[in-house]
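Contents: one structure, followed by commentary.
The values are calculated or read from the model by the stated rules, or taken from the named source; none is laboratory data. Note that this is a predicted model, so its numbers are computed, not measured. Because the Cβ atoms are built from the backbone with ideal geometry, glycine has one as well, and the counts that use them run over all protein chains shown. We work out accessible area using only protein heavy atoms, side chains counted, and drop any ligands, DNA or RNA first. Shrake-Rupley method; radii C 1.70, N 1.55, O 1.52, S 1.80 Å.
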Amino acid sequence: MSRTPEKPAPGTQPGTTRIVAGETGKPKRKRTLEIALAAGLVLLIGAGAAVASTLSRGPETASAAVAGTSPAAELRLGYFGNITHAPALVGVNKGFIAKELGQTKLTTQVFNAGPAAIEALNAGAIDATYIGPNPAINSYVKSGGASVSIIAGAASGGAQLVVKPGINSAADLRGKTLASPQLGGTQDVALRAWLGKQGFKTSTDGGGDVAINPTENAQTLKLFQDGKLDGAWLPEPWASRLVLQAGAKVLVDEKDLWDKGEFVTTVLIVNKKFAAEHPATVQALLKGHVESVDWLNAAPAGEKATVLNAALKAAAGSALPADVIDRSLKNIVFTIDPLAGTYKKLLQDGVDAGTTKQADISGIFDLTALNAVAGKKISAQGLGKD
């Protein structure tokens, strides 16, 4: 794992050149193809057949076919220093992901919120990332379905609107100032959509009946402690930190807004181009991811807290008190199921919040590799491959 700063700027990770195994041998493969064609062979033998056939179609498809036969030289993975990203924290810290990647080098970058991670993914600074569903949806919509695929779930639950003790109802929020991790992020969308249902108007520039100031999570805690914020819609462990360390109380637990209390907080997505070129690497990543989720659901509470704190210290610079980790974990379910049935509502929430446009997201999932790794069928609910 490559250690990154606590507050990395999106797209600032040093560029790397992706090495595709076998590219330097093109002259030899072309010569093989010419000999084979001259001999009038109908079928070529082994890997040479696939490469030669592809070369006859052109260099771009040839490169894709060669890449697809071998792992990537490097996988650049993003995630957040949040308990809702525990599968990433554990997978990196315990070496589950690196082990499955084998000879593929794993490098990581830590983000504060989804839009920054999406920016890095679309700019080519990372290849895959753990992220909330709304930034993934927004990227998919903006690119016309060309940018990303959701390949697995990671966490459900673990997001709350926490406020000052004197705020007792939605009506008390008029004229108040609230925070979210980043404009267009999953908690930002949830907050704006919920406020709209309460009859409040908001705007992406901070205006309206309730002011929303997208703020980095650590700053939100400090601002709330200083009395400069009235509340915030946050993922864990930040909701628990405001409650236990700053005297906030829960006004809305997001699970109460969803059928059966199930809503997706974190998913694993991959750049579509990278996935097409390196399916074996994507499958290896998923093996490590599944192992991480299984470990989280089986490990004793004490061991889980110890591992997560070590991972948080490495990713975000500091560990957490035991009571914060304990409260956070009680609010989250770790699952590889991305809960595809919730995505039409997530899309509509983004439209209502003014952070995305109405669109067809019927191809946003590709769960085929996940289902192969997990050995069971997780449904894309008609929104992609499974």
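One table, with the values for the structure above:
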{"item": "Index of the failed condition, Ala190 passing every other in (1) under 19 Å from Asn331 (Cβ atoms); (2) without any contact (Cβ under 8 Å) to a residue 12 or more places away in the chain", "result": "(2)"}
{"item": "Scan of segment 354-386 for residues that are in a helix (DSSP H, G or I) and either in contact with a strand residue (DSSP E or B) (Cβ under 8 Å, 6 or more places away or on another chain) or without any contact (Cβ under 8 Å) to a residue 12 or more places away in the chain (or both), ordered by number", "result": "Thr368, Ala369, Leu370"}
{"item": "Filter result for Glu291 (charged (D, E, K, R), buried (at least 18 other Cβ atoms within 10 Å of the Cβ) and under 18 Å from the mean Cα position of the chain (by Cα))", "result": "yes"}
{"item": "Residues of segment 245-256 classified as touching a residue at least 40 places away in the same chain (Cβ under 8 Å) and over 26 Å from the mean Cα position of the chain (by Cα), total", "result": "5"}
{"item": "Conditions (1) over 20 Å from the mean Cα position of the chain (by Cα); (2) open to solvent by less than 70 Å² (accessible area, probe 1.4 Å); (3) farther than 21 Å from Ala146 by Cβ; number of the one not met by Ala322", "result": "(2)"}
{"item": "Single residue of segment 71-114 satisfying the filter (in contact with a Pro (Cβ under 6 Å, 6 or more places away or on another chain) and of a type in the set (Ser, Thr, Tyr)) that is farthest from Val333 (Cα to Cα)", "result": "Thr104"}
{"item": "Unique residue being more than 17 Å from Leu346 (Cα to Cα) and surrounded by fewer than 17 Cβ atoms within 10 Å (Cβ to Cβ) when the list is Lys249, Lys260", "result": "Lys249"}
{"item": "Subset of segment 117-129 [surrounded by fewer than 24 Cβ atoms within 10 Å (Cβ to Cβ) and hydrophobic (A, V, I, L, M, F, W, C)]", "result": "Ala120, Ala123, Ala125"}
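Residues are listed down the side, and each one gets a yes or a no for (1) under 17 Å from Asn134 (Cβ atoms); (2) open to solvent by less than 10 Å² (accessible area, probe 1.4 Å):
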residue: Gly350; (1), (2): yes, yes
residue: Thr356; (1), (2): yes, no
residue: Ile364; (1), (2): yes, yes
residue: Val373; (1), (2): no, no
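Per-residue answers, yes or no, for (1) within 29 Å of Ile336 (Cβ to Cβ); (2) of a type in the set (A, V, I, L, M); (3) at pLDDT below 95:
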site	(1), (2), (3)
Lys197	no, no, no
Ser203	no, no, yes
Lys228	no, no, no
Ser240	yes, no, no
Val264	yes, yes, no
Leu268	yes, yes, no
Pro279	yes, no, no
Val282	yes, yes, no
Leu286	yes, yes, no
